[in-house]
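S.K.: Below: one structure in structure tokens.
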Amino acid sequence: MNAPQKFHDATPAAEKMYTDLPRPPVFATVGEERLHRKQRLAASFRLFSKFGFDEGVVGHITARDPEFTDTFWVNPFGMHFSLIKASDLIRVGHDGKVVEGNRPVNAAAFAIHSRVHAARPDSVGAAHSHSTYGRAFAALGRKLDPISQDVCAFYNDHALYDDYGGVAVDLDEGQQIAKALGPHKAAILQNHGLLTVGQTVDEAAWWFITMDRSCQVQLMAEAAAAHSGQKLKMISEKSAQQAYQIVGSSFSGWFQFQSLYARILKEQPDFLD
């Protein structure tokens with residue numbers, strides 16, 4: 001908390017790419033760190049709304065509390081993403097009880113995120129929503145292919161959960177999702193949607209945004225290929241791995257979120273309240 005954050009997966013290539021760039025903030029107190037995470041969480045909901053990841057009451061992003069690490073902050077059930085402020089967030093224990101705040105928690109948010117946070121102590125943030133392209137690609141029951149530089153962020157670093165067990169309202173389904181996710185930054189939940197995690201809230205939100213876009217690109221590319229009769233051109237294993245080390249690093253995920261945060265801060269600063 002009193003030293004600059006060092007990401008677990010930093011590589012020489014990533015360090016070279018991101019030399020002299022801003023780094024995640026350092027906090028003097030746990031209270032400052034908690035407020036920062038809550039504000040980044042609220043900003044993520046506003047951005048998810050702008051990107052159209054806000055259908056009905058489904059979807060949730062969580063931030064592990066920096067002090068009470070077996071609890072997490074999450075959106076109140078039924079509150080539209082575009083309205084969420086930092087003060088609206090609720091803190092939930094891994095037993096499903098709201099320990100801070102007076103609004104209800106989404107049972108699916110508890111079932112999925114409690115198991116993911118428990119299985120992944122490195123995950124500060126986790127994001128799940130029923131985005132349009134994420135759902136469409138998830139119906140194919142397969143992983144993303146290395147067809148663009150951006151999707152290489154997930155090269156050999158995303159999983160497929162292919163055993164949809166209905167709406168995730170109990171811990172067993174959440175446990176199976178967490179098991180399928182394993183050590184990866186993301187999972188495609190067949191017949192369901194996407195799930196991403198990160199060492200920061202910023203990172204988890206960015207992975208979700210770019211993963212949904214990657215699903216969109218692959219769906220479009222495959223449709224065009226089918227129409228033309230051509231095969232998609234895959235990036236070689238060596239090149240995909242090199243790109244992954246740069247665009248797939250935790251720092252890259254955090255850094256790429258910063259411009260989006262600046263955008264939403266300028267447009268809708270009330271989320272800070």
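Throughout, read-outs are computed from the coordinates displayed, never taken from laboratory work. Remember, predicted model here, so these are calculated numbers, not experimental data. No Cβ is skipped: glycine too gets one built from the backbone with ideal geometry, and neighbour counts run over all protein chains shown.
S.K.: How many nm is it between the label spots at Gln230 and Asp70, if each spot is 7 Å from the Cα in line with the beta carbon?
M.R.: Placing both labels 7 Å along Cα→Cβ, they lie 5.7 nm apart.
S.K.: Which residue, Asp212, Asp95, Asp122, tops the fluctuation ranking in a GNM of the chain built on C-alpha contacts under 10 Å?
M.R.: Maximum among the listed residues: Asp95.
S.K.: Moving on. How large is the charge dipole for region 27-253, taken about the Cα centre, if only the Cβ atoms of Lys, Arg (+1) and Asp, Glu (-1) carry charge, to the nearest 20 debye?
M.R.: In total the dipole reaches around 400 debye.
S.K.: Roughly what % of DSSP beta bridges within region 157-273 run antiparallel, to the nearest 5?
M.R.: Counting only bridges with both partners in region 157-273, antiparallel ones make up about 50 percent.
S.K.: Let a ≥ b ≥ c be the square roots of the eigenvalues of the Cα gyration tensor of region 27-253; is it rounded (a/c under 1.5), or, if not, prolate (a/b larger than b/c) or oblate?
M.R.: Prolate, because a/c is 1.5 or more and a/b exceeds b/c.
S.K.: If you average the alpha carbon positions of region 198-225 and of region 121-137, how far apart do those two centres end up, in angstrom?
M.R.: When both Cα centres are located, 10 Å separates them.
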